[in-house]
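A.B. asks: First the structure, which I've put down as structure tokens, then a few questions once you've had a look.
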């Protein structure tokens, strides 16, 4: 990847729906070579997809909570079972296994506090292998890449 490829990626991060002619103009290329570079970046797996940013409030998922989870037992079967279960929950919008503690980091998005509480008590806490759930409510989002 060279400077032009990086410029293309940066422009597409800002606006994935940008017209090729506008993209080419912004990165200093003519449209045909610009489109070839974008296609090559897609084929090489550098660009993995294009996504729409949706207003969480309009989607009924404006209440977001950061949840740290620790497992009681950390054998392979428990870890695989826990991950398989939690990955299916629609409320979980980000799910990471961590080095050290906590064992897992989750971002949960629901409509409100009541629906979050229902999710935790009827789904998350019923997941096999769970030892501890530690929830953190966001006061204010300062920076978030989309």
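A.B. asks: For the stretch 87-144, which positions are free of Cβ contacts under 8 Å to residues at least 40 places away in the same chain and touching a helix residue (DSSP H, G or I) at 6+ places or on another chain (Cβ under 8 Å)?
C.D. replies: Within the stretch 87-144, 89, 91, 92, 95, 97, 104 qualify.
A.B. asks: Looking at the stretch 47-81, which of its residues are touching a helix residue (DSSP H, G or I) at 6+ places or on another chain (Cβ under 7 Å) and under 28 Å from residue 6 (Cα atoms)?
C.D. replies: The one that is touching a helix residue (DSSP H, G or I) at 6+ places or on another chain (Cβ under 7 Å) and under 28 Å from residue 6 (Cα atoms): 47.
A.B. asks: Residue 103 passes all but one of (1) modelled with pLDDT of 95 or more; (2) within 25 Å of residue 14 (Cα to Cα); (3) surrounded by 15 or more Cβ atoms within 10 Å (Cβ to Cβ); which number fails?
C.D. replies: (2)
A.B. asks: Testing residue 57 on (1) touching a strand residue (DSSP E or B) at 6+ places or on another chain (Cβ under 7 Å); (2) part of a loop (DSSP other than H, G, I, E, B); (3) closer than 19 Å to residue 137 by Cβ, one condition comes back false. Which one is that?
C.D. replies: All conditions are met except number (1).
A.B. asks: Answer yes or no: is there a residue in the stretch 113-123 that is touching a strand residue (DSSP E or B) at 6+ places or on another chain (Cβ under 7 Å), more than 29 Å from residue 52 (Cβ to Cβ) and crowded, with 16+ Cβ neighbours inside 10 Å.
C.D. replies: No: the stretch 113-123 contains no residue that is touching a strand residue (DSSP E or B) at 6+ places or on another chain (Cβ under 7 Å), more than 29 Å from residue 52 (Cβ to Cβ) and crowded, with 16+ Cβ neighbours inside 10 Å.
A.B. asks: From the list 143, 74, which residue is within 18 Å of the chain's Cα centre (by Cα) and not in a strand (DSSP E or B)?
C.D. replies: 143
The values are calculated or read from the model by the stated rules, or taken from the named source; none is laboratory data. Every value quoted in this text rests on a predicted model; they were computed, and no experiment measured them. As a convention, Cβ positions derive from the backbone with ideal geometry for all residues, glycine included, and neighbour counts pool all protein chains shown.
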